[in-house]
Amino acid sequence: MKIGVLASGGGTNLQALLDAQARGELEPGRIVAVGVNVADCGAVGRARVAGVPSFCVDHKSFGARTDFDRALAQELRARGVELVVLAGFMRLLGEDFLAHFPRGVMNIHPALLPAFPGVHAQHQALAYGVKVSGCTVHFVDAGMDTGPIIAQAAVPVLDDDDDERIRARILVEEHRLYPAAVRAVAQGRVHIQGRRVLIEGSARPDERLRSL
Ligand code: GRF
């Protein structure tokens, strides 16, 4: 299954996906394109080093969000992309964009949704005072971090954490969980039933999470 990764920033999750691909761990998924909306963001260099073509669609060149969405979908479709994987992509995508990709659009969020959606999730969690946070891989719908949850991983929040320390601890789990979840979707093992997402391979959620 041809995968397009969209990013806006440094791209460490993109790197984890590229590394998994290099080890043969995304198959039958294959990253065929990296799309960005910020021309000089770190993700572009990572794609170049990995030999994956990249393209930029700059949201600032479009008056209406729907026009940006259409241009982005066209670029991905032109490259045969079926599964879209958001990796720090800082734009909301509308229904029209999502309709182009019925096999799925996935995202990773640095908190245990539905807690702390939106930006600065790690800071939100720390400021709220939770003792456990983590990351969530979910399908994207037109809301802000509201789509059906595919997988989650938890990390402790420690008394001496600051934004940077909790961010780094969550990122370790993101880099492990996201490639595994993308592979499961590419394998066709992931099924949406209403709000619930079931992953073939085990009836026991703990085993299923381990295998992710
Ligand atoms: C990650 O924390 C991810 O959860 C969020 O955006 C950040 C992207 O980081 N959606 P990177 O660009 O992958 O390093």
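With both partners inside the range 81-212, how many of the DSSP beta bridges are antiparallel, as a percent to the nearest 5? If I count the DSSP bridges inside the range 81-212, around 90 percent turn out antiparallel. Which longest run of the chain has no exposed loop site in it, a site being GluC sites (Glu not before Pro) in a DSSP loop with at most 15 other beta carbons within 10 Å, and the site itself not part of the run? Longest run free of exposed loop sites: 26-199.
What a 1.4 Å probe finds exposed on the chain is 53% carbon and sulfur by accessible area, rounded to a whole percent.
If you rank D161, D19, D58, D40 by how much accessible surface each has, with a 1.4 Å probe, what is the order from largest down? Intermediate values should be presented prior to the final figure.
Values: D161 20, D19 65, D58 45, D40 135 Å².
Largest accessible area first, the residues go D40, D19, D58, D161.
The H on the amide N of I150, modeled in the peptide plane, is under 5 Å from the matching H of V137, H138, F139, each at least 5 residues off or on a different chain. Solvent-accessible area per residue in the range 1-155 equals 44 Å², computed with a 1.4 angstrom probe and all protein chains kept. Taking 8 Å as the Cα distance limit and 6 or more residues as the minimum spacing, I'd like the relative contact order of the range 67-139 as a percentage. In percent, rounded to a whole number, it is 30. If you average the sequence gap of Cα pairs under 8 Å that are 6 or more apart and divide by the length of the range 73-212, what percent do you get for the contact order? The value is 19 percent. Evaluating 6.51 cos²θ - 1.76 cosθ + 1.60 at θ = phi - 60° for every residue in the range 147-155, the Karplus couplings come out as x, x, 7, 8, 7, 9, 9, 9, 9 Hz, glycine and proline recorded as x. Computed 3J(HN,Hα) for the range 170-185, one whole-Hz value per residue from the Karplus formula 6.51 cos²θ - 1.76 cosθ + 1.60 where θ = phi - 60°, is 5, 4, 4, 6, 4, 5, 7, 6, 5, x, 5, 5, 5, 4, 4, 5, glycine and proline marked x. Summing Lys and Arg as +1 and Asp and Glu as -1 over all other residues whose Cβ lies under 12 Å from the Cβ of G129 gives a net charge of -1. Residue ranges 104-110, 47-53 sort as 104-110, 47-53 when ordered by packing (mean number of other C-beta atoms within 10 Å per residue, highest first). Charges were assigned to the Cβ only: +1 to each Lys and Arg, -1 to each Asp and Glu. The resulting dipole of the range 1-132 about its Cα centre is roughly 140 debye.
The values are calculated or read from the model by the stated rules, or taken from the named source; none is laboratory data. None of the values given here were measured: they were computed from a predicted structure. Here the Cβ is made from the backbone with ideal geometry for all residues, glycine too, and neighbour counts use every protein chain on show. We work out accessible area using only protein heavy atoms, side chains counted, and drop any ligands, DNA or RNA first. Shrake-Rupley method; radii C 1.70, N 1.55, O 1.52, S 1.80 Å.
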